[in-house]
Amino acid sequence: MDTNLFSIIIPVYNVERYLNKCIESVVKQTYKNFEIILVDDGSPDSCPRICDEWAKKDDRIVVIHKGNGGLSSARNAGIKRAKGQYIGFIDSDDYWTESNFLEKIKDIVTENSVDVILFEYKEADESGSTIKTPQFKCQQSIKADLQKVVDDDCLYSSACHKFVKRELFSNYDLFFREGVTSEDIEWTAKLISVAKEYYIYPIVQYAYVQRKGSIVHSIDIKAINVLMENIKICIDIAKKADDNAIFSYVSYQYITLLNLYVRFGNNDVSIYDFIKKNSWLLSYSKNKKVKIVKLFHKLFGMKITLFLLKLFLTIK
């Protein structure tokens, strides 16, 4: 394998408390042939200086300084600069949990011709304590097709739990849509519409830090409408690809929309109309949550289903 088998892209904005830990988790990897691309997205704090200091210490680190354009813009800048055979992403307030992570991924891509490698993550608080660890149904390392990936709940929308062949980005224009939130949802739909071979690596390697003030914790009606727009785009992608496995992926995003609706937007008629119109998505997934909602919908209709969802979320 050539040097720089991996390009690790880290968008950076206003995360001076977390950035060193994030970068260190990559630098300390036992497998050494990679590049780190730090994309300073016009950060107003000390992050630009921290990035430059790391680049001086390690010649595998490249720094891009740019005006603020948001997460998608920063990732896209990193993709255009990347030279590795596979691209991975880390959000700059998160970190990898194991120092031999890239060693394991190197072994996988050396022995298997795959487009995408999927791995597990955990949610952690700012002190590093585990809050929750999702779990793939498939608990063995295995090469798989897309249908098995979605059936075994191995396809999270986040770009950060995947390594992707770099050639897919140039061959299929796999850039992130800029100026929106929930951009990973559409991007993952585009990815799975063109990627053919996958590898499931069901080991926790990524710590997804839950911190106050992050984008994911800033939900309002505007964010729900952006999610709704993403689902529309994903439906079009699935129809064009004519692949039920992609519809299975979209059905899980639809469940996310239902949950957000009952939490934050249950007086919005346009959102309810969209939910009701697209209830057919419930027919595609084998995911346990989707199947439960499908059963409720069949027995009670949409309004009562949404009421039950809100009740369960309140109890939880």
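Entry remark, the stretch 87-112: residues being farther than 13 Å from residue 159 by Cα, among the aromatic types (Phe, Trp, Tyr) and open to solvent by less than 10 Å² (accessible area, probe 1.4 Å) number 2 in total. Applying a threshold of 9 Å to beta carbon distances and a minimum spacing of six or more residues, or different chains, the list of pairs starting in the stretch 133-158 at a residue that is under 11 Å from residue 286 (Cα atoms) and ending at one that is of a type in the set (S, T, N, Q) and open to solvent by less than 30 Å² (accessible area, probe 1.4 Å) reads 147/248; 150/248; 150/285; 150/287; 151/248; 151/285; 151/287; 153/287. Scanning the stretch 113-155 for residues being part of a strand (DSSP E or B), among the β-branched types (Val, Ile, Thr) and surrounded by 14 or more Cβ atoms within 10 Å (Cβ to Cβ) gives a total of 3. For beta carbons closer than 8 Å, sequence separation of 6+ or different chains, a first residue in the stretch 37-66 that is of a type in the set (Gly, Ala, Ser) and a second that is open to solvent by less than 30 Å² (accessible area, probe 1.4 Å), the qualifying pairs are 43/12; 43/15; 55/38; 55/61. For the stretch 236-259, a residue qualifies if it is within 21 Å of residue 302 (Cα to Cα) and within 18 Å of the chain's Cα centre (by Cα), and the qualifying residues are 247, 248, 249, 250, 251, 252, 253, 254, 255, 256, 257.
With respect to residue 98, determine if the residue is part of a loop (DSSP other than H, G, I, E, B), touching a strand residue (DSSP E or B) at 6+ places or on another chain (Cβ under 7 Å), within 20 Å of residue 162 (Cβ to Cβ) and among the acidic types (Asp, Glu). Spelling it out, residue 98 is indeed part of a loop (DSSP other than H, G, I, E, B), touching a strand residue (DSSP E or B) at 6+ places or on another chain (Cβ under 7 Å), within 20 Å of residue 162 (Cβ to Cβ) and among the acidic types (Asp, Glu). When the test is whether a residue is of a type in the set (Lys, Arg) and open to solvent by less than 10 Å² (accessible area, probe 1.4 Å), residue 75 passes it. Answer yes if at least one residue in the stretch 259-271 is at pLDDT 90 or above, open to solvent by 80 Å² or more (accessible area, probe 1.4 Å) and of a type in the set (D, E, K, R), and no otherwise. Scanning the stretch 259-271, I find no residue that is at pLDDT 90 or above, open to solvent by 80 Å² or more (accessible area, probe 1.4 Å) and of a type in the set (D, E, K, R), so the answer is no. Restricting attention to the stretch 7-26 and to residues that are open to solvent by 10 Å² or more (accessible area, probe 1.4 Å) and either in a helix (DSSP H, G or I) or of a type in the set (Phe, Trp, Tyr) (or both), the residue that is nearest to residue 46 (Cα to Cα) turns out to be 13. One residue stands out among those in the stretch 187-206 that are assigned to a helix (DSSP H, G or I) and open to solvent by 20 Å² or more (accessible area, probe 1.4 Å): the one that is farthest from residue 155 (Cα to Cα), which is 194.
The values are calculated or read from the model by the stated rules, or taken from the named source; none is laboratory data. Keep in mind that what you see is a predicted model, and the values were worked out from it rather than measured. Positions of Cβ are backbone-derived with ideal geometry, glycine not excepted, and every protein chain shown enters the neighbour counts. These accessible areas exclude ligands, DNA and RNA; they are computed on the full protein's heavy atoms, side chains included. Shrake-Rupley method; radii C 1.70, N 1.55, O 1.52, S 1.80 Å.
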